[in-house]
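The values are calculated or read from the model by the stated rules, or taken from the named source; none is laboratory data. Quick caveat, the model's predicted, so the values are computed rather than measured. Note that we place each Cβ from the backbone using ideal geometry, even for glycine, and neighbour counts take in every protein chain shown.
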Amino acid sequence: MKTAHPTYRHRRIQGVLQAAGCYVSASTIYRYLKTRDQVEPYSRRKAPWKQPRYEIRQRNLLWGSDWTRLSIGYVRWYLLTIIDFFSRYLIAFAVVPTVNASHVQALYRQGLRAQGIPLHAAQKPALRVDRGSPNMAWVTQAFFQQLAADLSFARVRRPTDNAITERFYGSLKQEEVYIVGNYPD
């Protein structure tokens with residue numbers, strides 16, 4: 001197979017063989033090719049972000065938003081927050097029974113009001129969020145387009161993109177929520 005297709009690597013060879021009905025693992029093919037010195041050097045691509053994609057030089061440039069589950073009176077509630085990445089100030093929060101796109105929009109409006117930023121201001125803070133369904137909803141994206149505000153999505157499985165809000169929830173739960181366990185009504 002390798003002589004007929006010298007550019008194929010072990011995973012592609014495994015796929016071709018599997019399609020032909022021969023089931024051999026990619027690692028077995030790799031070991032076989034390595035013993036015959038038929039493995040080419042593989043250069044990895046450069047990391048995409050050597051420098052941060054944003055520079056936070058003042059407050060109200062970039063906010064982070066997320067939510068976490070709480071148990072109050074043995075009922076599930078969600079705490080939604082918006083935190084300023086520069087000052088690490090809690091801009092807005094809400095406790096709701098479920099999280100949907102309207103809560104994300106209302107929380108952003110509440111944050112703008114709390115900071116005295118009008119809805120029609122030329123420069124509004126970008127909101128860094130994860131890829132949860134309320135954030136990815138078309139109504140949320142349309143809301144931010146209508147406001148001419150930036151909705152910035154964190155990368156998948158990268159908690160460091162929204163590290164400040166994740167750290168806030170970690171501290172909150174370790175210092176308060178897990179100690180109390182379940183808040184009475």
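Could you tell me whether any residue of region 85-96 is among the hydroxyl-bearing types (Ser, Thr, Tyr), over 27 Å from residue 47 (Cβ atoms) and loosely packed, with under 12 Cβ neighbours inside 10 Å? Can you show your working first?
So the first thing to find is which residues in region 85-96 are among the hydroxyl-bearing types (Ser, Thr, Tyr), and the list is 87, 89.
Applying the additional criterion that residues be over 27 Å from residue 47 (Cβ atoms) yields 87, 89.
Among the residues that remain, those that are also loosely packed, with under 12 Cβ neighbours inside 10 Å are: none.
Among the residues of region 85-96, not one is among the hydroxyl-bearing types (Ser, Thr, Tyr), over 27 Å from residue 47 (Cβ atoms) and loosely packed, with under 12 Cβ neighbours inside 10 Å, which makes the answer no.
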| remark: Within region 23-40, the residues that are over 14 Å from residue 6 (Cα atoms), part of a loop (DSSP other than H, G, I, E, B) and among the basic types (Lys, Arg) are none
| remark: Picking from 11, 57, the residue that is under 21 Å from residue 151 (Cβ atoms), outside any strand (DSSP E or B) and outside the structural domain of residue 116 (by TED's automatic domain parsing) would be 57
| Is it true that some residue in region 33-43 is touching a His at 6+ places or on another chain (Cβ under 8 Å) and outside the structural domain of residue 173 (by TED's automatic domain parsing)? | yes
| query | In region 116-131, what count of residues is obtained for those that are touching a Phe, Trp or Tyr at 6+ places or on another chain (Cβ under 8 Å) and of a type outside the set (Val, Ile, Thr)? | reply | 6
| Cβ-Cβ below 8 Å, separation at least six or inter-chain, first residue in region 1-30 and in contact (Cβ under 8 Å) with a residue 24 or more places away in the chain, second of a type in the set (Gly, Ala, Ser): which pairs? | 10/26; 10/27
| request: Scan region 1-21 residue by residue and report those that are modelled with pLDDT of 90 or more and loosely packed, with under 10 Cβ neighbours inside 10 Å. | output: 19, 20, 21
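Which one is farthest from residue 168 (Cα to Cα) among residues in region 110-138 that are among the basic types (Lys, Arg) and either surrounded by 14 or more Cβ atoms within 10 Å (Cβ to Cβ) or touching a strand residue (DSSP E or B) at 6+ places or on another chain (Cβ under 8 Å) (or both)?
Across region 110-138, the extreme among qualifying residues is 124.
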| request: For residue 154, state whether it is surrounded by 13 or more Cβ atoms within 10 Å (Cβ to Cβ) and either more than 23 Å from residue 72 (Cα to Cα) or basic (Lys, Arg) (or both). | output: yes
| message | Name the single residue that is modelled with the highest pLDDT among those in region 109-123 being more than 15 Å from residue 143 (Cβ to Cβ) and of a type in the set (S, T, N, Q). | response | 115
